[in-house]
Structures are given as C-alpha cells and as structure tokens.
Amino acid sequence: MKLDAIDKKILATLQLDGRLTNAELAERINLSPSACLRRVRQLEDRGVITGYVMLVEPGAIGRPTTIFVEITLNSQSVECQEAFEAAVRNNPEIMECYLMTGEADYLLRVAAAGTTDYERLHRHHLSRLPGVARIKTAFGLRTVCKSTAYPLD
C-alpha cells in the first residue's frame, strides 16, 4: 500500500500518542482539521490503522515476567493447526502467537506473575492445547528495548 509523506506523518504521530484529538494531530502535522480527519479516516478505511489501544505496564498489574514459549505440534495438518490456533486465541494469558519456520511450529509470548504462575499456566493450559507434542520455555530476564511504533521510512 502506497503511503505519502502526510500519511507517514499521521501514522508516526499517532503511534507515539493515539489519544491526540484531531485538532492536536492536525496542528502537529500542519494540516487543517478537516483534511486531517479525512486522511485519518482513509487510513482506517484502507486497513492501515486497525485500532487504538491503551498500553499497560505489566509489572503494575502483577505480571512482570515475560516468557517465550516454543510449541511443536504432533501433526502439521491444517485441522491440527486450526484447532491449536483457535484454542490459543481463546486464552487471554497468551499475549502473542506466531506461526514459525524452524524447529518449533509456534512461538508464544505470555506474561505471568512469576515462575509459580507460569507453572500453573503450563500445567493447566499450554500442555492441554490441541496437538501439542513439545513445549520449550525461555524466561525473559530484562526488557532491553520495546516498541509499538513501526518504522515508516
């Protein structure tokens, strides 16, 4: 999808602060409010902007531990993958899930209160996901960098 310089300014600005009013956004990118609103709506209609969210500090809500989980399925069939993916989507403790190349079939990111909480999640949820043959876990020790803003160059 082709984005011009104004689209990129809008996206860069909103990625840093999605709570800006249209008037504030228009002022920052040097557009009239009506032109700015029209551009934002076009980006939404084209599926470039897919939503607006609030970011939460995991430690502040008792989930300071980031865990990466590699899952290998016992079958590569479409039915097995679909069943696994549907179950993952229905578990709110799984923050992200990616279909992967390489040794593992999926990579999950979960946020937990600590090792005991992860043990509960592993025992009662992850090990019971459809088609799971192997689970490999790595605990993140510290976040070095993290961004929700995509580069727009």
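The values are calculated or read from the model by the stated rules, or taken from the named source; none is laboratory data. Values in this document were obtained by computation on a predicted structure and should not be read as measured data. Every residue, glycine as well, gets a Cβ built from its backbone with ideal geometry; the counts of neighbours run over all protein chains shown.
Do we find that THR137 is in contact (Cβ under 8 Å) with a residue 12 or more places away in the chain, over 21 Å from VAL78 (Cβ atoms), part of a loop (DSSP other than H, G, I, E, B) and under 21 Å from the mean Cα position of the chain (by Cα) in this structure?
Against the criterion (in contact (Cβ under 8 Å) with a residue 12 or more places away in the chain, over 21 Å from VAL78 (Cβ atoms), part of a loop (DSSP other than H, G, I, E, B) and under 21 Å from the mean Cα position of the chain (by Cα)), THR137 does not qualify.
This table checks each residue for (1) closer than 29 Å to GLY59 by Cβ; (2) touching a helix residue (DSSP H, G or I) at 6+ places or on another chain (Cβ under 6 Å); (3) buried (at least 17 other Cβ atoms within 10 Å of the Cβ); (4) of a type in the set (Val, Ile, Thr).
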{"position": "THR72", "(1), (2), (3), (4)": "no, no, no, yes"}
{"position": "SER75", "(1), (2), (3), (4)": "no, no, no, no"}
{"position": "VAL78", "(1), (2), (3), (4)": "no, no, no, yes"}
{"position": "PHE84", "(1), (2), (3), (4)": "no, no, yes, no"}
{"position": "ASN91", "(1), (2), (3), (4)": "yes, no, no, no"}
{"position": "ASP105", "(1), (2), (3), (4)": "no, no, yes, no"}
{"position": "ARG109", "(1), (2), (3), (4)": "yes, no, no, no"}
{"position": "ARG123", "(1), (2), (3), (4)": "yes, no, no, no"}
{"position": "SER127", "(1), (2), (3), (4)": "yes, no, no, no"}
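The rows are residues; the columns are (1) within 19 Å of the chain's Cα centre (by Cα); (2) closer than 29 Å to GLY18 by Cβ; (3) not assigned by TED's automatic domain parsing to the domain that holds ALA26.
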position: GLY51; (1), (2), (3): yes, yes, yes
position: THR66; (1), (2), (3): yes, yes, yes
position: ALA83; (1), (2), (3): no, no, yes
position: ALA86; (1), (2), (3): yes, no, yes
position: GLY102; (1), (2), (3): no, no, yes
position: GLY114; (1), (2), (3): no, no, yes
position: ARG120; (1), (2), (3): no, no, yes
position: VAL132; (1), (2), (3): no, no, yes
position: ALA149; (1), (2), (3): yes, yes, yes
Checklist entry - Out of the residues in region 33-70 that are among the hydroxyl-bearing types (Ser, Thr, Tyr) and without any contact (Cβ under 8 Å) to a residue 24 or more places away in the chain, which is surrounded by the most Cβ atoms within 10 Å (Cβ to Cβ)? => result SER34
Next on the checklist: Residue under question is GLY47, and the condition is that it be at positive phi and not polar (S, T, N, Q); does it hold?
Outcome noted: yes
Checklist entry - Can you tell me which of LEU121, LEU107 is part of a helix (DSSP H, G or I) and among the hydrophobic types (A, V, I, L, M, F, W, C)? => result LEU121
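Suppose the filter is acidic (Asp, Glu), farther than 30 Å from ILE6 by Cβ, in contact with a strand residue (DSSP E or B) (Cβ under 7 Å, 6 or more places away or on another chain) and surrounded by fewer than 17 Cβ atoms within 10 Å (Cβ to Cβ); does GLU96 pass it? First the steps, then the outcome.
Working: acidic (Asp, Glu): yes; farther than 30 Å from ILE6 by Cβ: yes; in contact with a strand residue (DSSP E or B) (Cβ under 7 Å, 6 or more places away or on another chain): yes; surrounded by fewer than 17 Cβ atoms within 10 Å (Cβ to Cβ): yes.
Yes: the conditions hold for GLU96.
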Next on the checklist: Residue under question is ALA26, and the condition is that it be surrounded by 14 or more Cβ atoms within 10 Å (Cβ to Cβ) and of a type in the set (A, V, I, L, M); does it hold?
Outcome noted: yes
